[in-house]
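Here is the structure we will look at, set down as structure tokens.
The values are calculated or read from the model by the stated rules, or taken from the named source; none is laboratory data. Bear in mind the structure is a predicted one, so any value in this text is a computation, not a measurement. In this analysis, Cβ positions are derived from the backbone assuming ideal geometry, glycine residues included, and neighbour counts consider all displayed protein chains. All accessible areas refer to the heavy atoms of the entire protein, side chains included, with ligands and DNA or RNA removed. Shrake-Rupley method; radii C 1.70, N 1.55, O 1.52, S 1.80 Å.
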Amino acid sequence: MFVTFEGIDGSGKTTLLQALAETMGKAHLCLTREPGDSALGKRLREIVLDAKTKGLDARAELFLFLADRAQHVAQVIRPALERGEMVFCDRYCDSTLAYQGAARGLSQDCIMDLNALASFGLEPDLTFLLDLPVSVAKSRMQQRNEAFEGRFDSYDGSFHEAVRAGFLELATRYAERIYVLDATRSLKELVSEAHKQLLARMPQ
Ligand code: TYD
């Protein structure tokens, strides 16, 4: 089973992913993330997330994320699924639609086609979308003094509002696959709700 975790920066999806993995027991579980969990991905991640890469053209950024995805699916996700493992992936195709599509303004239809190519057509069985107001996410990140701040600060609030709206639109469009969690709730509540959803959808 392939499960992805999505949300704006500071939504707490990584924390939820890890806590849910603890609850599930880590045997036969592959924890991974985009960008960055293949050898190529680690190098692409440095480029794409480096604050100095500000000014990266939206199209160039798109192709870096897609290159990372193709290598990641080929090298990490598909082999894990073929070994019968459950895969938890921190960000995937929906992030590209929300960030490069809804927020950066590139064509959603074009991104859908490119996502399908880069992902070998592999779609998640279930996606958790952690939704919360941008102001709450931003203050959480500031409290944690996140290293990501450079790039975060380089975009104004409206960028992240557009990302959030993009994710919510995807959740409406793919209501069967995307389960929206209210990320302002406690971690304990989120883990419990996500765990229930997961068990309900796991193949018997
Ligand atoms: P990261 O440090 O992994 O942040 P997070 O913990 O919030 O996931 O940075 C990933 C950043 O890359 C994040 O701002 C979202 C962005 N991103 C895209 O813009 N497009 C994509 O396709 C992906 C996978 C990520």
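Out of everything in segment 33-53 that is more than 16 Å from L97 (Cα to Cα) and not in a helix (DSSP H, G or I), what residue ends up being farthest from the chain's Cα centre (by Cα)?
For segment 33-53, the residue satisfying everything is D50.
Return the only residue of F120, F128 being touching a helix residue (DSSP H, G or I) at 6+ places or on another chain (Cβ under 6 Å), more than 14 Å from L62 (Cβ to Cβ) and open to solvent by 30 Å² or more (accessible area, probe 1.4 Å). Please lay out each step first, then the result.
Working: F128 fails: open to solvent by 30 Å² or more (accessible area, probe 1.4 Å).
Matching residue, one of F120, F128: F120.
Somewhere in segment 98-115, is a residue surrounded by 19 or more Cβ atoms within 10 Å (Cβ to Cβ), of a type outside the set (V, I, T) and more than 15 Å from V163 (Cβ to Cβ)?
Yes, some residue in segment 98-115 is surrounded by 19 or more Cβ atoms within 10 Å (Cβ to Cβ), of a type outside the set (V, I, T) and more than 15 Å from V163 (Cβ to Cβ).
What is the residue count in segment 80-112 for residues that are in a helix (DSSP H, G or I) and out of contact with any helix residue (DSSP H, G or I) (no Cβ under 6 Å at 6 or more places or on another chain)? Before you say what the answer is, go through the steps one by one.
Pass one, segment 80-112, residues in a helix (DSSP H, G or I): 80-82, 93-103, 108-112.
In the following step, the residues that additionally are out of contact with any helix residue (DSSP H, G or I) (no Cβ under 6 Å at 6 or more places or on another chain) were identified as 80-82, 95, 109-110, 112.
Residues meeting the conditions: 7.
Could we say that E22 is under 22 Å from A200 (Cα atoms), without any contact (Cβ under 8 Å) to a residue 12 or more places away in the chain and either surrounded by 22 or more Cβ atoms within 10 Å (Cβ to Cβ) or not aromatic (F, W, Y) (or both) here? If you could, list the steps in order and put the result at the bottom.
Values: under 22 Å from A200 (Cα atoms): yes; without any contact (Cβ under 8 Å) to a residue 12 or more places away in the chain: yes; either surrounded by 22 or more Cβ atoms within 10 Å (Cβ to Cβ) or not aromatic (F, W, Y) (or both): yes.
The answer is yes for E22.
To keep it simple, each residue is scored yes or no on (1) among the hydroxyl-bearing types (S, T, Y); (2) touching a Cys at 6+ places or on another chain (Cβ under 8 Å).
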residue	(1), (2)
G25	no, no
C30	no, no
K54	no, no
E82	no, no
E85	no, yes
C110	no, no
N115	no, yes
S119	yes, yes
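Every residue in segment 153-204 that is within 13 Å of L126 (Cβ to Cβ), open to solvent by 70 Å² or more (accessible area, probe 1.4 Å) and in a helix (DSSP H, G or I), please.
K196, L199, A200, R201
Please go through (1) part of a helix (DSSP H, G or I); (2) crowded, with 17+ Cβ neighbours inside 10 Å; (3) within 10 Å of the ligand (Cβ to nearest atom) for G10 and return the number of the only condition it doesn't satisfy.
Status for G10: all satisfied but (1).
Residues checked against (1) under 15 Å from the mean Cα position of the chain (by Cα); (2) under 30 Å from L199 (Cα atoms):
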| site | (1), (2) |
| --- | --- |
| G55 | no, no |
| A67 | no, no |
| L81 | no, yes |
| S95 | yes, yes |
| A102 | yes, no |
| L126 | yes, yes |
| L129 | yes, yes |
| P133 | no, yes |
| S139 | no, no |
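For segment 43-59, which positions are under 19 Å from A118 (Cα atoms), open to solvent by less than 40 Å² (accessible area, probe 1.4 Å) and away from the ligand (no atom under 11 Å from the Cβ)?
none
Consider only pairs whose beta carbons are under 9 Å apart and that are at least six residues apart or on different chains; among these, list those whose first residue lies in segment 172-201 and is without any contact (Cβ under 8 Å) to a residue 24 or more places away in the chain and whose second residue is among the aromatic types (F, W, Y).
Taking only residues 6 or more apart or on different chains, the pairs are E193/Y179.
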